[in-house]
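Just below is one structure, and these are the notes that go with it.
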Protein chains: 2
Amino acid sequence: MRPTIKDVAREASVSVATVSRIVNGLPGYSEATRRKVAEVIQELGYKPNAVARNLVNRKTNTIGVLLPQLSSSFSAKLLHGIEKVAQEHQYSVIICNTDSNGKRTMDYLNLLREKQVEGILFASEHLNEDYYEAIAAMDIPVLAVDAHSDYETIPFIKVNDEEAAYAAANYLIQKGHKSIGMISGTKDDPISGAPRVKGFLKALAEHDILPEPNLIEYGDFGFKSGYEAMGRLLKKNPYLTAVFAASDEMALGIFSFCYEKGISIPADLSVIGYDDTQVAEMSTPPLTTIHQPIEKMGVDAAESLIKLIKNEPVESKYVPFSLMERDSVINLK
Amino acid sequence: MRPTIKDVAREASVSVATVSRIVNGLPGYSEATRRKVAEVIQELGYKPNAVARNLVNRKTNTIGVLLPQLSSSFSAKLLHGIEKVAQEHQYSVIICNTDSNGKRTMDYLNLLREKQVEGILFASEHLNEDYYEAIAAMDIPVLAVDAHSDYETIPFIKVNDEEAAYAAANYLIQKGHKSIGMISGTKDDPISGAPRVKGFLKALAEHDILPEPNLIEYGDFGFKSGYEAMGRLLKKNPYLTAVFAASDEMALGIFSFCYEKGISIPADLSVIGYDDTQVAEMSTPPLTTIHQPIEKMGVDAAESLIKLIKNEPVESKYVPFSLMERDSVINLK
DNA sequence: TTGTATGCGTTATCAA
DNA sequence: TTGATAACGCATACAA
């Protein structure tokens, strides 16, 4: 059995109240008893029980993070930023992989509430009405990160996907490309799907490039799907000079496809990605891509959540993206 | 204020004991009161407080995971496996980024103990004597994953680095390579550093290839360091036909270096990596590498830890690696 | 400077 | 089938 505060009190011949004061650095005891108690604590190897403490303080110093998956380097970076800030503020973080599964998400939401976490980060997934209602009912600060929220009470932190996609397409156009294809992520993904397509189309339209429907193929953000989508895209549009991929992984799928077919990047085809995950700088050639400040988003999100916990106001915000120029796009002019 | 079991009891005109029984599905009440209580619970939106529950049950259903960093896809995959199993067993997981920092590790160890986690996974870091003593003192199951432990009470789960490195070098030799360099990770890393060098050297020795000291350069497992080490390695050994990198990232650093210098892989130089992280299959050419079953290690680790928690015996074990043949090594014969 | 007593929200024992 | 009530380990108001 682990020693409790009572054991310490008995052993040191003082009351538990005194021990508690000493442990918590509160005033109200002589130096002599302090020394004595400290000695006993040391001797017994006493450590306060945070569960009991949390119960009386009604504070757990922990937050929960809901993620649709945690095997990607995107999740890892986001978590890294979150954990860092949490640690600085003495918060623990519980990770919850929802697998994009509605039931699991709900279950986790309930679990986190029961565990009395003080706040929840809802990452990379669409915050639908069901979730919103569950969240609203549990009366606990929630913040969406790398995700959009339509609700006043749930602020979000993300990059503006439409603008970023617009910037990517525009970049290609500025480099003289006119025949540009796109490999989008999941078609009906309201976060990273539709908005990026919209931005892409907007850039084309503004430069009077006819947006043929064949110019867009859909994948699932993953490497393999990029490879496959590229096959379909090129079949329908053999004269493409550039492609915008909605994720770096899909962009590398394009690389892989082209490598096999003997299509040289960027000489024969220019490619621009999205995310700027680790793989982007490591590819050959290095991938020009939209840089998302992933870790910083994690940092911002955690900081904002902690503000929310302290009842300080927090506003939704778009974090700035940037275009990371590397070597996968050629200038046609 | 959130409703407590007392509120439910009062509102339903029963005792808290009855509510507790109903909530926990224990026997001891009529169907009528069950219905009534369920109704009130629904109405009030009552959820049991896990903190209070944990206090009386002396069980938190929580484990902690200590990692030296969590921004890589390696950590992400490991976590993925861990979380999956934890979730299946109704355990929550708290993540702790130690940043390879001794003090932080100690602090986290203490925190986890205070939070009464039921077990700890110690990942990817050398379990030194200081840690061991702290762990031994806190009397809680600990298991090392992707790390070695010399202690009977702390089992480990990892791949046999020496054997895997031996297999990598041997593969190169079988393919007819005689002039083989290595880019190792951190020199004094007792887990992924020295053992891999040893395995490499052993393969060379067994085939009567003189292990010149210049044949090994050191990096830090990261992309950039691989790039740089490759520069040094090639300067000292211009006639290398193959290189073994102790991590995929460093292997890609080699790719990058060769791409710039116009050295073609695998035509001019063969490269074999280590880890088989996501980037390996996404590179051009796809990287031949030592496959570590990272996610499975996470799964095994979590399952073993839970066994440990249940006081079931657990043995240390090496998980099998495999050699993933892709296109970065050429057959010289 | 110190101790007593109460409560935090549960579970579980015991009696009814 | 039910209800008091004593823990669980701690913090704190209040009394001394």
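The values are calculated or read from the model by the stated rules, or taken from the named source; none is laboratory data. Because the structure is a prediction, the values reported are computed rather than measured. Please note: Cβ atoms are built from the backbone with ideal geometry, for glycine as well, and neighbour counts cover all protein chains shown.
Okay, here's what the table says:
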{"item": "Condition met for A:TYR318 (within 12 Å of chain B (Cβ to nearest Cβ) and not small (Gly, Ala, Ser))", "result": "no"}
{"item": "Qualifying position, being modelled with pLDDT of 95 or more, within 15 Å of DNA strand C (Cβ to nearest atom) and among the small types (Gly, Ala, Ser), among B:ALA17, B:ALA32", "result": "B:ALA17"}
{"item": "Count - residues of segment B:234-247 that are in contact with a strand residue (DSSP E or B) (Cβ under 9 Å, 6 or more places away or on another chain) and either surrounded by fewer than 24 Cβ atoms within 10 Å (Cβ to Cβ) or at positive phi (or both)", "result": "5"}
{"item": "Hits in segment A:117-145 - residues which are of a type outside the set (S, T, N, Q) and farther than 25 Å from A:THR60 by Cβ", "result": "A:HIS126, A:GLU129, A:ASP130"}
{"item": "Any strands (runs of 3 or more DSSP E) falling wholly within segment A:73-164 and containing at least 3 residues that are within 14 Å of chain B (Cβ to nearest Cβ) and of a type in the set (A, V, I, L, M, F, W, C)", "result": "A:92-97, A:119-123"}
{"item": "Conditions (1) under 26 Å from B:LEU66 (Cα atoms); (2) within 16 Å of DNA strand C (Cβ to nearest atom); (3) out of contact with any Lys or Arg (no Cβ under 8 Å at 6 or more places or on another chain); number of the one not met by A:THR105", "result": "(2)"}
{"item": "Flag if A:ARG21 is within 10 Å of DNA strand D (Cβ to nearest atom) and touching a residue at least 12 places away in the same chain (Cβ under 8 Å)", "result": "no"}
{"item": "Residue tally, condition in contact with a strand residue (DSSP E or B) (Cβ under 6 Å, 6 or more places away or on another chain) and either over 18 Å from A:ALA164 (Cβ atoms) or among the hydrophobic types (A, V, I, L, M, F, W, C) (or both), over segment A:273-293", "result": "3"}
{"item": "Residue match in segment A:225-233 (condition: in a helix (DSSP H, G or I), within 12 Å of chain B (Cβ to nearest Cβ) and not polar (S, T, N, Q))", "result": "yes"}
{"item": "Those residues of segment A:41-96 which are among the aromatic types (Phe, Trp, Tyr), within 14 Å of B:GLU114 (Cα to Cα) and either within 12 Å of DNA strand D (Cβ to nearest atom) or modelled with pLDDT under 95 (or both), in sequence order", "result": "A:TYR46"}
{"item": "Considering residues of segment B:40-55 that are over 33 Å from the mean Cα position of the chain (by Cα) and near DNA strand C (Cβ under 10 Å from one of its atoms) only, the residue farthest from the other protein chains (Cβ to nearest Cβ)", "result": "B:TYR46"}
{"item": "Verdict on A:ASP99 being in contact (Cβ under 8 Å) with a residue 24 or more places away in the chain, acidic (Asp, Glu) and touching a Pro at 6+ places or on another chain (Cβ under 8 Å)", "result": "yes"}
{"item": "Some residue of segment B:280-287 being outside any loop (DSSP other than H, G, I, E, B) and over 24 Å from the mean Cα position of the chain (by Cα)", "result": "no"}
{"item": "Every pair of residues 6+ apart whose Cβ atoms lie under 8 Å, when the first sits in segment B:29-57 and is under 16 Å from B:LYS6 (Cβ atoms) and assigned to a loop (DSSP other than H, G, I, E, B) while the second is near DNA strand D (Cβ under 9 Å from one of its atoms) and of a type outside the set (Asp, Glu)", "result": "B:ASN49/A:LEU55"}
{"item": "Residue among B:ASP99, B:ASP146 that alone is modelled with pLDDT of 95 or more, more than 30 Å from B:ALA52 (Cα to Cα), under 20 Å from the mean Cα position of the chain (by Cα) and surrounded by fewer than 21 Cβ atoms within 10 Å (Cβ to Cβ)", "result": "B:ASP99"}
{"item": "Some residue of segment B:89-99 being in contact with a helix residue (DSSP H, G or I) (Cβ under 7 Å, 6 or more places away or on another chain), within 16 Å of DNA strand C (Cβ to nearest atom) and over 20 Å from B:GLU249 (Cβ atoms)", "result": "no"}
{"item": "Hits in segment B:258-275 (condition: more than 10 Å from chain A (Cβ to nearest Cβ) and either of a type in the set (A, V, I, L, M) or within 13 Å of B:GLY226 (Cβ to Cβ) (or both))", "result": "B:ILE263, B:ALA267, B:LEU269, B:VAL271, B:ILE272, B:GLY273, B:TYR274, B:ASP275"}
{"item": "Selection count where residues are more than 7 Å from chain A (Cβ to nearest Cβ) and either crowded, with 23+ Cβ neighbours inside 10 Å or in a strand (DSSP E or B) (or both), scope segment B:60-72", "result": "6"}
{"item": "Total residues in segment A:176-207, condition part of a strand (DSSP E or B) and in contact with a Lys or Arg (Cβ under 7 Å, 6 or more places away or on another chain)", "result": "1"}
{"item": "Selection from segment A:267-293 of residues that are crowded, with 21+ Cβ neighbours inside 10 Å and closer than 19 Å to A:ILE180 by Cα", "result": "A:LEU269, A:SER270, A:VAL271, A:ILE272, A:GLY273, A:TYR274, A:LEU287, A:THR288, A:THR289, A:ILE290"}
{"item": "Every residue from segment A:119-138 that is farther than 16 Å from A:THR98 by Cα and either small (Gly, Ala, Ser) or under 19 Å from the mean Cα position of the chain (by Cα) (or both)", "result": "A:GLY119, A:ALA136, A:ALA137"}
{"item": "Among (1) in a helix (DSSP H, G or I); (2) of a type in the set (A, V, I, L, M); (3) surrounded by fewer than 17 Cβ atoms within 10 Å (Cβ to Cβ) - the single one A:LEU210 does not satisfy", "result": "(1)"}
{"item": "B:MET250 being in a helix (DSSP H, G or I), touching a residue at least 60 places away in the same chain (Cβ under 8 Å) and crowded, with 23+ Cβ neighbours inside 10 Å", "result": "yes"}
